[in-house]
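Colleague: Mind looking over this structure? Questions follow.
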Amino acid sequence: MRDVDEHTITDEVIDRFKDTPDPRLKQIVESLVHHLHDFVRDVEPSFDEWMGAIQFLTRTGQICSDSRQEFILLSDTLGVSMLVDAINHRMPEGATETTVLGPFYVEDPPVFANGADISAGQPGEPLYVDAQFTSPEGAPLAGATVDVWQSDSEGYYDVQRSDLEGAALRGRLFADEEGRVRFWSIAPTAYPIPYDGPVGDMLTATKRHPWRPAHLHFMVAAPGYETLVTHIFVAGDRYLESDAVFGVKSGLIDPFPPQAPGVAPDGRRMDRRWRRLDYRFGLKRAPAAAAAPAAQR
Ligand code: BEZ
Ligand code: FE
C-alpha cells in the first residue's frame, strides 16, 4: 500500500508483520505498534520533541555499562518494573509480596553462619534480624538460601563505595531446621537512586525526587518454591509514600522496634540502643513440572 496517512498508517504497519511465525512475537509487535501510534497521535510531538526523545533514549543506552543499567532504572521510575512484577507475582494467601530487585544485588555474596554479623564493621545503629521462611501454610523451609543486602548509614551500598575493599552489609545465610536465619547488621537508611544520568534529568524536569525509603533486601530460594525477591521497609520513613520506584507495599513495612540497652536474644550485651526485625516470609510453591509425555510405542 502507498499513500499512507495518519489514519491508515497503523493498520498498514501492523499488516506488514502478518507473517511473523511466532504468535507471541506477533501479538507483541502488533500491540506495540498500536499503542506507540496512539501515543504519538495523543501527544502530536513536534520534530524537536521527537528528536529530544531519541536523544534521551540514546543517552540512556550510552550510560549503561556492566555496573549500570539505566534502562532498568527508567523502567523502575516509570512504574513499569513494579507492573511487570505485579503481573508475574499474583501471590496466594500466606505468601510474602514481592518488589523490585534493584541494581545493587551481587551474585554469590559472602556466606555467613547463622548468628553472624554481616556489617563488616560499618558504623550504624545495631540491628538484630530473626527471620523465618515457610511455605504459605507455615511449614519451615529448612536449608533455604537467603541473600540479604542493604544500604549503609550514609545511604550507600558497598558496590558504590570506592573506599571499600570487599563486601559489606550483604551476605548469604542458610535457614536452620526451623527455617530461620538470624544475623546482626545495622539499620538501613533511605538513599537516592543514581540520578546523575538521563533518568535523574527526567526526575528533575518533572519535579520528582530520587529517594527510596530505608529497606533491607531479601532474595530467598528453596527447592519447589518460586524465588522470593522482596524488601522489608522501615516504618516511619519519610519516603514510604513517594518511593522513586513505587516498590512499597504495606505488608512489607515493619517497625524495626527500637530496643533499650540490655541483653540481645543471642546473649550479646548491648550498651546502646539497638533495633530488631522479626519477620516471617512465606514462599509461593513453584508450578508443578509439566507431566512427562506418555511413552511412545
Ligand atoms: C534498590 O532498592 O536497591 C533499588 C531499586 C530500584 C532502583 C534503584 C535502587
Ligand atoms: Fe535498595
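FYI, it's all coordinate maths here, none of it is from the lab. Computed from a predicted model, the values in this text were never measured in an experiment. Here the Cβ is made from the backbone with ideal geometry for all residues, glycine too, and neighbour counts use every protein chain on show.
Colleague: Can you check how the C-alpha radius of gyration of segment 143-297 compares to 2.2 N^0.38 Å, as a plain ratio? Mind dumping the intermediate values first?
Modeller: On the way: Rg = 19.5 Å, N = 155, 2.2 N^0.38 = 15.0 Å.
It is 1.31.
Colleague: Positive end of the charge dipole of the chain (Lys, Arg +1 and Asp, Glu -1 on Cβ, about the Cα centre): tell me which of GLN259, LEU228, GLY121 has its Cα farthest that way.
Modeller: About the Cα centre, the residue reaching furthest to the positive side is GLN259.
Colleague: Can you list the lysines whose alpha carbon sits under 22 Å from that of LYS249, skipping same-chain ones fewer than 8 residues off?
Modeller: Hits, sequence-local ones excluded: LYS284.
Colleague: On to the next question. Using 0.36 nm per residue, how much length does the chain from LEU25 to ARG269 gain when fully extended, once their Cα-Cα distance is taken away?
Modeller: On the way: separation 244, 0.36 × 244 = 87.84 nm, distance 6.03 nm.
In short, 81.8 nm is gained.
Colleague: Next question, about the same structure. So which residue, out of PRO287, PRO126, PRO210, gets the largest mean-square fluctuation from a GNM of the chain using Cα contacts under 10 Å as springs?
Modeller: Of the options given, PRO287 has the highest mean-square fluctuation.
Colleague: Can you say what percent of the DSSP beta bridges in segment 85-292, counting only those with both residues inside, are antiparallel? Round to 5.
Modeller: Details: 32 of 44 bridges.
Among the beta bridges of segment 85-292, antiparallel pairing accounts for roughly 75 percent.
Colleague: For segment 107-157, taking Cα atoms only, what is the radius of gyration to one decimal and the Dmax to the nearest whole Å?
Modeller: Rg then Dmax for segment 107-157, in Å: 13.5, 38.
Colleague: Around ALA168, which amide H atoms from residues at least 5 apart in sequence, or from another chain, sit under 5 Å from its own amide H, with H modelled in the peptide plane?
Modeller: Residues meeting the criterion, in which the H sits 1.01 Å from N, are ASP158.
Colleague: While we're on this one: Please list 3J(HN,Hα) in residue order for segment 250-266, calculated via the Karplus relation 6.51 cos²θ - 1.76 cosθ + 1.60 where θ = phi - 60°; whole Hz, with x for glycine and proline.
Modeller: 3, x, 9, 9, 10, x, 6, x, x, 10, 6, x, x, 9, 6, x, 8
Colleague: Multiplying the sequence separation of ASP38 and GLN62 by 0.36 nm and subtracting their Cα-Cα distance, what value in nm do you get?
Modeller: Working: separation 24, 0.36 × 24 = 8.64 nm, distance 2.78 nm.
This chain segment gains 5.9 nm when fully extended.
Colleague: Using per-residue counts of other Cβ atoms within 10 Å, averaged over each peptide, order 95-104, 237-246, 49-58 from highest down. It would help to have the intermediate numbers written out before the result.
Modeller: Values: 95-104: 20.1, 237-246: 17.1, 49-58: 11.8.
For the peptides 95-104, 237-246, 49-58, the packing ranking is 95-104, 237-246, 49-58.
Colleague: Pick from ARG170, ARG269, ARG208: which residue has the top mean-square fluctuation in a GNM of the chain where Cα pairs under 10 Å get a spring?
Modeller: ARG269
Colleague: What does the chain give for Rg and for Dmax, in Å, if only its C-alpha atoms count?
Modeller: When restricted to the Cα atoms of the chain, Rg and Dmax are 23.5, 81 Å.
Colleague: Most mobile of ILE72, ILE28, ILE253 per a Gaussian network model of the chain (Cα springs, under 10 Å)?
Modeller: Between ILE72, ILE28, ILE253, it is ILE28 that shows the largest mean-square fluctuation.
Colleague: May I pose another question? Quote the FRET efficiency, to the nearest 0.05, computed for ASP176 versus ARG285 with a Förster distance R0 of 25 Å and r equal to the Cβ-Cβ distance.
Modeller: On the way: r = 21 Å, r/R0 = 0.85.
Efficiency computed from Cβ-Cβ geometry: 0.70.
Colleague: OK, next. List the residues, sorted by chain then number, that are 5 or more residues from LEU277 or on another chain and whose placed amide H is less than 5 Å from its amide H.
Modeller: Under 5 Å from the amide H of LEU277 lie the amide H atoms of TYR128, VAL129, ASP130, each far enough along the sequence or on another chain.
Colleague: Moving on to the next point. Provide, in order from the shortest bin, the percent of all Cα-Cα pairs of segment 9-77 in each 5 Å bin, continuing until the bin that contains the maximum pair distance.
Modeller: Spelled out bin by bin, segment 9-77 gives 4, 13, 15, 16, 19, 18, 12, 2, 0 percent.
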